[in-house]
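Student: Mind looking over this structure? Questions follow.
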Amino acid sequence: AESRFDAASAAPVEMPSRTRLLADAREVLDDRFADDLAALLASLDPGEFGRTTEVSDRTLLVALAARHDHLFRDLRTWVGTDGVGIAPAQEFTGDRQALVGRELIESIKVPMGPGRPMLRLRAVDDALLRARAEEVPSVLRGRFALPTDADGRIRDDASREGRRPVWERRRW
């Protein structure tokens, strides 16, 4: 198996250039999103976000779109094979659900006439809303590091571990 690996030729990865990525983001989404994306990309090291960790490049893009109240369909159009081709559009659903489960964003159904309702992504976590674009990855990593229940929701008792709040403590 190792000899087959060594003998194999390298396959090119079809990734859009940063210029095309930002130009299409301005066209499909808006300037604010594209500016945040440009600041974020400038702050990241090459290869810092991949698809092997819980917080992936897709998670990051969904969180950025939620900070600007974009429709999930518009984000998927931009990233999908018909857009810049970062990943198939259906792969972003799991990342959206993970962010909703950790109460970082919400998906609001927006009626758009006949057919399926659209989902508007909206950031609801104060840390995510107040963070500069360069700080969004650390906010996501911090929230994803918290322990969760089987359904992916953050456990309420995880941070307390038997400690009482200040207002319930006894004074001596």
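The values are calculated or read from the model by the stated rules, or taken from the named source; none is laboratory data. Not measured: the values here are computed from a predicted model. No Cβ is skipped: glycine too gets one built from the backbone with ideal geometry, and neighbour counts run over all protein chains shown.
Each row is one residue, and each column tells you yes or no for (1) at pLDDT below 80; (2) surrounded by fewer than 16 Cβ atoms within 10 Å (Cβ to Cβ); (3) out of contact with any helix residue (DSSP H, G or I) (no Cβ under 9 Å at 6 or more places or on another chain).
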{"residue": "Phe5", "(1), (2), (3)": "yes, yes, yes"}
{"residue": "Ala10", "(1), (2), (3)": "yes, yes, yes"}
{"residue": "Ser17", "(1), (2), (3)": "yes, yes, yes"}
{"residue": "Asp35", "(1), (2), (3)": "no, yes, no"}
{"residue": "Ala38", "(1), (2), (3)": "no, no, no"}
{"residue": "Ala42", "(1), (2), (3)": "no, yes, no"}
{"residue": "Glu48", "(1), (2), (3)": "yes, yes, no"}
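Student: Counting only residues that are surrounded by 13 or more Cβ atoms within 10 Å (Cβ to Cβ) and not in a helix (DSSP H, G or I), which one in region 82-102 is modelled with the highest pLDDT?
Tutor: Top of the filtered list is Arg102.
Student: Of (1) surrounded by fewer than 18 Cβ atoms within 10 Å (Cβ to Cβ); (2) over 25 Å from Arg18 (Cα atoms); (3) touching a strand residue (DSSP E or B) at 6+ places or on another chain (Cβ under 6 Å), Leu119 satisfies all except one. Which?
Tutor: (1)
Student: Being under 19 Å from the mean Cα position of the chain (by Cα) and assigned to a loop (DSSP other than H, G, I, E, B) is the filter; apply it to region 103-116 and report the residue that is surrounded by the most Cβ atoms within 10 Å (Cβ to Cβ).
Tutor: Leu104
Student: Exactly one condition in (1) modelled with pLDDT under 90; (2) out of contact with any Phe, Trp or Tyr (no Cβ under 7 Å at 6 or more places or on another chain); (3) within 18 Å of Asp24 (Cβ to Cβ) is not met by Pro114; state its number.
Tutor: (3)
Student: Over 12 Å from the mean Cα position of the chain (by Cα), of a type in the set (Lys, Arg) and not in a loop (DSSP other than H, G, I, E, B): is that true of Arg58 in this structure?
Tutor: No.
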